[in-house]
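Have a look at the structure below, then the notes.
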Amino acid sequence: MLDFPRWKVISISLLLAFGVLMSLPSLFFGESHKYWPAFLPDETINLGLDLSGGSHILLEAEPADVAETRLQTMEESVRAEMRRANPRINIGDISRRDGVLSFMVRDSTQVDAARDVLEPLTTGAGLTGQRDWDIEVRDDTRFVVSPTSAGLENAVDNAMDTATDVIRRRIDEMGTREPTIIRQGDTRIVVQVPGLEDPEALKELLGKTAKLEFKLVDFEADPNAIAEGRPPVGSQVFPYPDNPSGLPNIAVKRLGGISGDKLTDAGQGFDPDTNAPVVNITFDTEGGAKFARLTQNNVGRPFAIILDGVVLSAPNINEPILGGSAQISGNFTVEEANQLSIALRSGALPVELQVVEERTVGPDLGADSIRKGMIAAIIGTAAVLAFMVVTYGRFGFYANFALALNLFLILGVMAIFNATLTLPGIAGFILTVGSAVDANVLINERIREERRRGRRVVQAVEVGYKEASRAIFDANITNVIAGLLLFIFGSGPVRGFAVVLIIGIVTSVFTAVVVTRMLVALWLRRTRPQELFI
Amino acid sequence: MKLLKLVPDNTNIAFLKWRNIAVAISILMIIGSMALVAQRGLNFGVDFVGGQMIRTTFTQTADAPITELREKVGALGYGDPTIQRFGQPNEVSIRMKLPTGADQDPELANTMADEITGMLKADYPDVRIDGVDSVSGKVSEELLSKGVWSLVGAMLAITLYIWIRFEWQFGAGALFALFHDVALTFGFFALTQLEFNLNIVAALLTIIGYSLNDTIVVYDRIRENLKKYRKMDIIALLDLSVNETLARTVMTSLTMLVALIALIIWGPDVIFGFATAMFLGVFIGTYSSVYMAAPILIWLKVGPDSFVPPEAAGGQAEKIGGSEEVG
């Protein structure tokens, strides 16, 4: 017991000093540690959203939506490519049902030609050589194009990657500080924004797909059929809430439109004539050329501006628009126009996202939680410290010293890992205080017991540490098991609790067993007491 | 200065004498808890059933107008809200179930939240929205199943560990004690109708860890004594082990309770339920280590021969039991 080599003392002291040093930046909240000399650490723990205030939003995409959009795109490509083929291949009876696309080639001699057109459309761009779609010919002339599972998986994966980027751009555009945007699992994105004033605006922005399309209005269509949602051949019906004619829908030509994903800029402005808020957009070179062609060929006709499947407005093309910029009018407020321009600037989401979980904590509540948590921690710790000294005297003081070091160590380790402190995490701190002294209680009670049995001082201390260590070890392992399961299955703030618990268990065994043992050994060696006051 | 001794030296309380009655009471309590949970149900928070919880503070009003709020929110047509005070009298939480059809269209839940917060801001200018928790049906189902798995997983993993470190009888005893603790905590939440949310699952796992702490300390001493006093009657040996560890049990429980009381009185309101559950858990866990985990060893016929390797056991026993060398 008395044999405690110098190298051990030095390495334990160094380790403790390092832990305390690492904890310092986190103890000085705010910016003060940024002015410290460079050799000092500047890693800090993060405050969870439940303490700092902010919003946690979980977005989810429906893979079926990705599949549907993909099938729709495939149908459009098939229609366009078959028409462009030379000689043109006539197809009909096109249907999208049960996740597959099927169509008939009218002229059975063109089946091989149709297959040649289809082949390049259905091979993936990836290097794996896997097909994205399977092509099957039934009854000689019917083509059935069905997505392969690998192709679909890949598509969902790509869509989610793009969606994550788009979300990041949108949130950056809003000017929020330090957002966290992480893909989670196959179809989810976690967005965490600290200290947000208006979570509703954020959700609004995230929920918007912002798919912009320009399509020619089919003004020859029968208004009654449109009202019933039955489009003429070659046209589609879209809802048009602000239709000046009073009809709820409008028919547009399926083909010949352009999509609004080729933008270089978008911004809110005002219509020079009506002074109504509008969104000004600028196409890139390719999109500008397409838009010029569309307007050139259709002067005098109306075209519909469609956002996320809803028609915003259907202005007349008065003259060709060649400059590559255009104005989107709709029934906007300034704020709505502003949001739409943010969404358009950051690009369209490839898939619709829905908010499946939201947790918002106001900054006042967060600050209140920190204050109350600190008060409870200080009172709880002080009471435990007093209790230990009253009960175990010098040994209680050693335990307290170890406990204080332990609190610094937990903070230090959390800072090294950039871990997040949450409100349940503060509770974890207080519980760690309660349970960390358990190790010392076990040791000290055992020493008392061995003294009662008549063992000499040094021997009693030695046996006390040795016999108690076994139970301490087993008990802490089981606590780590419980903590790990909490970490694996827990979410958000509860995870923060598990982090404190697990780190606290490891550091507390170190301080409560190793550090106190060193202190006791050094004291015994120095004074060689004949009697223990414990 | 005289040091505090909560438990006198060399106690000799016949704890195990009451084991049949204690176990009978415990089993009744477990059955009662299950009946309570079945009959009254748990007051699940939005974490586990989905829905919206809006926390508000009425900054200029001493008392939140709960009755009026209930009527006004009810009038919005999304069903009756659960309105509870938390912390101060001017702080309330408004809890809503998911609106019908929200499974297909999560937007409905957002619309509901917008309408409620809109109404609050319009009708009560001094209201401050402190937080919104909004959980869809799908996510709440996941959270529930994750919660159940973490509890079941922790109990089984810990049992397995005890089995490996001790013997299978000890593993069975620990599992039974843990089951007792968890069941009674559930019963407590069914009885008080305190909100059962994610934090409570954390509390349950901590209770499991704590209760096991206690059980292990007692078991460790039983194992030690089994090797030391190979001829001693098992009941006397269990009593001796419990008595020898009694001072530690009382001391540790008290430090835990002191820390928890600080949390309950001065801590943030959000973790009141957590701290209360833990407070109760300290009592249940301590009790179960003595009256659930130990008697089972008797019925499972644990004896000195339960620990197989004789050479290790023999060496250990001699070293510890060698009282002649002590001066």
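The values are calculated or read from the model by the stated rules, or taken from the named source; none is laboratory data. Quick caveat, the model's predicted, so the values are computed rather than measured. Here the Cβ is made from the backbone with ideal geometry for all residues, glycine too, and neighbour counts use every protein chain on show.
If a residue must be in a helix (DSSP H, G or I), within 10 Å of another protein chain (Cβ to nearest Cβ) and closer than 30 Å to residue B:89 by Cα, how many such residues does the range B:109-167 contain?
So the count comes out to 7.
Suppose the filter is assigned to a helix (DSSP H, G or I) and facing chain B (nearest Cβ under 7 Å); does residue A:426 pass it?
For residue A:426, the condition - assigned to a helix (DSSP H, G or I) and facing chain B (nearest Cβ under 7 Å) - is not met.
Is one or more of the residues making up the range B:98-110 modelled with pLDDT of 85 or more and either surrounded by 15 or more Cβ atoms within 10 Å (Cβ to Cβ) or farther than 23 Å from residue B:194 by Cβ (or both)?
Looking through the range B:98-110, at least one residue is modelled with pLDDT of 85 or more and either surrounded by 15 or more Cβ atoms within 10 Å (Cβ to Cβ) or farther than 23 Å from residue B:194 by Cβ (or both).
Does residue A:440 qualify as being closer than 13 Å to residue A:385 by Cα and either touching a Ser or Thr at 6+ places or on another chain (Cβ under 7 Å) or hydroxyl-bearing (Ser, Thr, Tyr) (or both)?
Against the criterion (closer than 13 Å to residue A:385 by Cα and either touching a Ser or Thr at 6+ places or on another chain (Cβ under 7 Å) or hydroxyl-bearing (Ser, Thr, Tyr) (or both)), residue A:440 qualifies.
Taking the range A:48-79, which residues are away from every other protein chain (no Cβ under 14 Å) and within 25 Å of the chain's Cα centre (by Cα)?
Hits for the range A:48-79 are A:66, A:67, A:68, A:69, A:70.
Please give the number of the condition residue B:191 fails out of (1) of a type in the set (A, V, I, L, M); (2) crowded, with 20+ Cβ neighbours inside 10 Å; (3) touching a residue at least 60 places away in the same chain (Cβ under 8 Å).
Only one criterion in (1) of a type in the set (A, V, I, L, M); (2) crowded, with 20+ Cβ neighbours inside 10 Å; (3) touching a residue at least 60 places away in the same chain (Cβ under 8 Å) is unmet by residue B:191, namely (2).
Here's the yes/no breakdown for (1) in a helix (DSSP H, G or I); (2) at pLDDT 90 or above:
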residue	(1), (2)
B:33	yes, yes
B:39	yes, yes
B:48	yes, yes
B:60	no, no
B:64	no, no
B:70	yes, yes
B:78	no, no
B:94	no, yes
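Regarding residue B:56, is this residue polar (S, T, N, Q) and surrounded by fewer than 19 Cβ atoms within 10 Å (Cβ to Cβ)?
no
Exactly one of (1) surrounded by 24 or more Cβ atoms within 10 Å (Cβ to Cβ); (2) more than 9 Å from chain B (Cβ to nearest Cβ) is unmet by residue A:437. Its number?
Only one criterion in (1) surrounded by 24 or more Cβ atoms within 10 Å (Cβ to Cβ); (2) more than 9 Å from chain B (Cβ to nearest Cβ) is unmet by residue A:437, namely (2).
Please list, ordered by first then second residue, the pairs with beta carbon atoms under 6 Å, 6 or more apart or interchain, first in the range B:293-318 and over 25 Å from residue B:24 (Cβ atoms), second part of a helix (DSSP H, G or I) and modelled with pLDDT under 80.
B:307/B:313
Residue A:451: assigned to a helix (DSSP H, G or I), surrounded by 23 or more Cβ atoms within 10 Å (Cβ to Cβ), more than 7 Å from chain B (Cβ to nearest Cβ) and more than 48 Å from the chain's Cα centre (by Cα), yes or no?
It is false that residue A:451 is assigned to a helix (DSSP H, G or I), surrounded by 23 or more Cβ atoms within 10 Å (Cβ to Cβ), more than 7 Å from chain B (Cβ to nearest Cβ) and more than 48 Å from the chain's Cα centre (by Cα).
In the range A:477-497, what residues are touching a residue at least 24 places away in the same chain (Cβ under 8 Å), surrounded by 23 or more Cβ atoms within 10 Å (Cβ to Cβ) and not aromatic (Phe, Trp, Tyr)?
Across the range A:477-497, the qualifying residues are A:479, A:493, A:494, A:496.
Of everything in the range A:168-207 that's more than 17 Å from the chain's Cα centre (by Cα) and within 14 Å of another protein chain (Cβ to nearest Cβ), which residue is surrounded by the most Cβ atoms within 10 Å (Cβ to Cβ)?
A:200
What about residue A:469, is it within 30 Å of residue A:423 (Cα to Cα) and among the hydroxyl-bearing types (Ser, Thr, Tyr)?
no
Sort out for me the helices (runs of 4 or more DSSP H) sitting completely within the range B:212-307 that have 3 or more residues that are in contact with a helix residue (DSSP H, G or I) (Cβ under 7 Å, 6 or more places away or on another chain), modelled with pLDDT under 90 and surrounded by 24 or more Cβ atoms within 10 Å (Cβ to Cβ).
none
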